[in-house]
Amino acid sequence: MPLLIGLILVVVAWTVIRAIAPDRPWFAFVPVALAGAALLALFYPALATVEFWAGLIGFVAILSALLVVIHPNPMMSVLFLILNLFCVALFYLMLQAEFLAALQIIVYAGAIMVLFLFVVMLLNLKAEEGLRIGTGPQRWGALGLGLLFSGMLFWAIQNRGRLAYFAPESTGGGFGTAREVAGLLFTRHVFAFEAASILLVAAMVGAVVLAKRRLG
Amino acid sequence: MMRVEFFLLIAALVFTIGAVGVLIRRNAIVILMCIELMLNSVNLTFIAFAHERQAMVGHVFVFFVMAVAAAEAAVGLAIVIAIFRRRRSADVEDASLMRW
């Protein structure tokens with residue numbers, strides 16, 4: 001835990017130095033890099049713990065999510081969103097959801113994000129001047145609502161009931177594998193599966209109709 | 001092993017960042033990306049609870065959320081392209097035809 005907090009402080013200091021000195025003399029970063037190296041040397045046993053890596057991945061996930069929102073260039077937003085999706089896929093692996101971790105990388109980071117990247121390149125969106133975010137009451141109202149909402153979520157997480165309100169299913173050894181997911185998907189939830197296929201066909205036809213220049 | 005609350009906290013923070021991003025950004029593509037962020041954090045919550053309760057139903061839900069997200073991204077980006085073709089901008093302030 002001290003290693004994690006120290007490394008986060010190092011990253012924050014690095015960012016602050018970059019913001020203060022835009023011309024970036026290289027020796028300004030030397031004490032920060034030395035502090036990081038000293039932290040690694042002092043607390044290297046923490047590198048073998050799951051908690052350190054989970055905290056690091058969580059930090060990267062939150063940082064990349066913030067950068068998706070505040071980066072003025074949409075292309076960089078797409079790339080940071082891909083980084084965030086990879087972090088979430090690593091969390092899936094920690095939570096024994098191997099099949100969904102693979103699906104996350106293939107479908108989300110592979111297919112959907114390439115679609116976003118393609119549209120950003122097609123529309124040739126430049127970096128926006130001065131970060132076009134909402135002005136006046138909308139911005140401050142959004143920030144206030146965000147703080148309120150996250151406070152409510154934290155309160156709910158702190159005070160949630162820990163009793164399982166249904167008996168855990170007997171899952172055996174294969175929790176989270178493709179075999180188990182497919183076993184549920186093709187037996188109990190087969191109607192929803194077929195409905196999802198209809199939804200995807202409808203979305204495909206709708207996208208073609210919307211993006212076509214003129215019909216007929 | 002990690003406690004489930006850790007993953008719930010990360011998911012709550014990412015969801016809030018996505019929601020605030022939808023409210024404050026004006027670029028339609030960035031707004032769609034913020035919606036993807038929110039869907040992803042909900043998926044993480046589903047997986048965390050599935051791990052806590054050792055119930056596989058959460059994984060099936062995440063599967064369907066991914067399908068819906070793919071459909072939503074395709075239709076949303078097609079709408080953005082159609083608006084851009086007409087108005088030469090991807091700014092949601094410029095698409096005000098149905099505004100009251």
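A few comments on the model shown:
- Electrostatic dipole magnitude of the protein assembly as shown [Cβ: Lys, Arg +1; Asp, Glu -1; Cα centre; debye, to 20]: 900 debye
- A simple spin-label model places pseudo-atoms 7 Å from Cα toward Cβ; at A:SER197 and B:ASP94 they are separated by 4.1 nm.
- Exposure proxy ranking for A:VAL88, A:VAL181, based on other Cβ atoms within 10 angstrom of each Cβ and starting from the fewest, stands as A:VAL181, A:VAL88.
- Descending Cα extents along the principal axes, the protein assembly as shown, whole Å: 70, 60, 33
- Least to most buried among A:THR187, A:THR15 (fewest other Cβ within 10 Å first): A:THR187, A:THR15
- Taking amide H atoms as placed 1.01 Å from N in the peptide plane, the amide H of B:ARG25 lies under 5 Å from those of A:GLY134, each 5 or more residues away in sequence or on another chain.
- Relative contact order of segment B:4-87, taken over Cα pairs closer than 8 Å and 6 or more residues apart, is 29 percent.
- Kirkwood Rh in Å, taken over all unlike Cα pairs in segment B:4-87: 13.9 Å
Just so you know, all these numbers are worked out from the coordinates, no wet-lab data involved. For clarity, every value in this text was computed on a predicted model and none was experimentally measured. All Cβ positions, even for glycine, are placed from backbone atoms using ideal geometry, and neighbour counts span all protein chains on display.
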